[in-house]
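Following: one structure in structure tokens, then a few remarks.
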Amino acid sequence: MRILSGIQPTGRFHWGNYFGAIQQYIALQGDKEKAFYFIANLHALTTVRDPERMRQNVYDAALDLLGLGLDPEKATLFVQSDVPEVSQLTWLIMTVTPMGLLERCHAYKEKKARGLTADTGLFAYPVLMAADILIYDSNIVPVGEDQMQHIEVARDIAGSFNYLFGNVFVLPKGKVLDSSAKVPGTDGEKMSKSYGNTIECFEDLKVQRKKIMRITTDSRPMEESKDPEIDHLFQLYSNFATDSQREEMAALYRRGGFGYGQIKKELADVAEAYFADARKRREEFAAQPELVREILAQGAARARQKAAEVLLRAEIACGIK
């Protein structure tokens with residue numbers, strides 16, 4: 001059974017990325033032949049158009065993932081574009097993909113509805129994603145609930161190809177990531193780069209603390225009792241805290257008699273402690289750029305070996321080899 005997932009290098013990873021996905025990817029690793037994780041720079045080309053920024057984002061993504069606990073002895077980490085077989089397979093499966101299937105995909109529909117220009121890259125994005133999945137004989141693909149449609153698209157495309165040319169592709173299954181972690185941004189809305197409300201996992205601690213101290217709060221009096229379950233500061237704190245810390249903080253909320261500045265300072269402290277080991281690991285990898293490049297190169301070689309096998313199977317099936 002092979003697990004596959006990718007993450008776009010559109011900027012530095014933030015708390016929402018970590019608790020919403022990366023933490024769960026790391027929990028699923030265990031065998032580098034069975035856990036494939038890639039940095040999706042081809043997908044990122046739909047939004048990142050600065051070549052230097054792209055290169056830096058990819059390198060930072062590798063450092064961040066390694067720092068956060070992705071172990072190259074337990075998982076295969078590679079850069080998407082280092083496996084050119086993916087782009088070759090994309091064309092093969094594009095020839096059996098109905099236009100209507102892509103026109104129904106969320107990202108394309110949303111851009112059109114907002115009156116924005118949707119280029120061919122965005123339109124064909126689900127086909128490239130399908131190639132990412134199918135080329136490694138992936139069985140399980142962990143994704144957010146909003147990405148499940150793309151897994152169904154991959155299954156539809158694989159089914160069409162298999163119907164026309166024989167049993168070529170494994171039909172993947174999506175695994176919806178646990179969405180119970182609530183990660184609001186500095187404005188109380190969902191943490192997202194597009195909202196400009198993120199707190200990065202590895203940004204300078206002084207900058208991070210200033211961001212935390214500027215988190216939007218309500219104007220209720222200090223002495224008033226507050227419901228912790230509907231408070232975004234408490235939700236953020238809960239992601240980092242131990243069970244006993246969480247219970248103690250919830251009791252403080254219900255009791256009242258505190259200021260939000262106190263909660264922000266405790267959030268900053270618990271977040272700093274939570275990522276302390278990861279920050280140290282990242283610094284160690286950053287001091288060894290050749291090692292990082294070697295990890296990515298070895299990962300790409302392992303991924304290409306499997307990709308070449310599946311691509312050849314598809315090429316023979318449809319008659320171009």
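The values are calculated or read from the model by the stated rules, or taken from the named source; none is laboratory data. Quick caveat: nothing in here was measured; it's all calculated off a predicted structure. Cβ sites come from the backbone with ideal geometry, for glycine too, and all protein chains shown count toward neighbours. What goes into the accessible areas is simple: the full protein's heavy atoms, side chains included, and nothing from ligands, DNA or RNA. Shrake-Rupley method; radii C 1.70, N 1.55, O 1.52, S 1.80 Å.
Values as computed for the structure displayed
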| quantity | calculated |
| --- | --- |
| Filtered residue count, region 4-38, keeping only those that are within 13 Å of L68 (Cα to Cα) and hydrophobic (A, V, I, L, M, F, W, C) | 7 |
| Of all residues making up region 200-217, the number that are open to solvent by 30 Å² or more (accessible area, probe 1.4 Å) and within 17 Å of the chain's Cα centre (by Cα) | 1 |
| Helices (runs of 4 or more DSSP H) contained entirely in region 162-280, each with at least 3 residues that are at negative phi and acidic (D, E) | 243-255, 260-274 |
| Complete set of residues in region 147-199 that are touching a His at 6+ places or on another chain (Cβ under 7 Å) and buried (at least 19 other Cβ atoms within 10 Å of the Cβ) | P184, M191, T198, I199 |
| Every pair of residues 6+ apart whose Cβ atoms lie under 6 Å, when the first sits in region 99-127 and is more than 14 Å from I151 (Cβ to Cβ) while the second is charged (D, E, K, R) and surrounded by 13 or more Cβ atoms within 10 Å (Cβ to Cβ) | A118/K111; A118/K112 |
| Flag for D132 being of a type in the set (D, E, K, R), surrounded by 19 or more Cβ atoms within 10 Å (Cβ to Cβ) and either within 21 Å of T47 (Cβ to Cβ) or modelled with pLDDT of 95 or more (or both) | yes |
| Scan of region 237-279 for residues that are closer than 18 Å to L205 by Cα, over 24 Å from the mean Cα position of the chain (by Cα) and not hydrophobic (A, V, I, L, M, F, W, C), ordered by number | G261, Q262, K264, K265, E266, D269 |
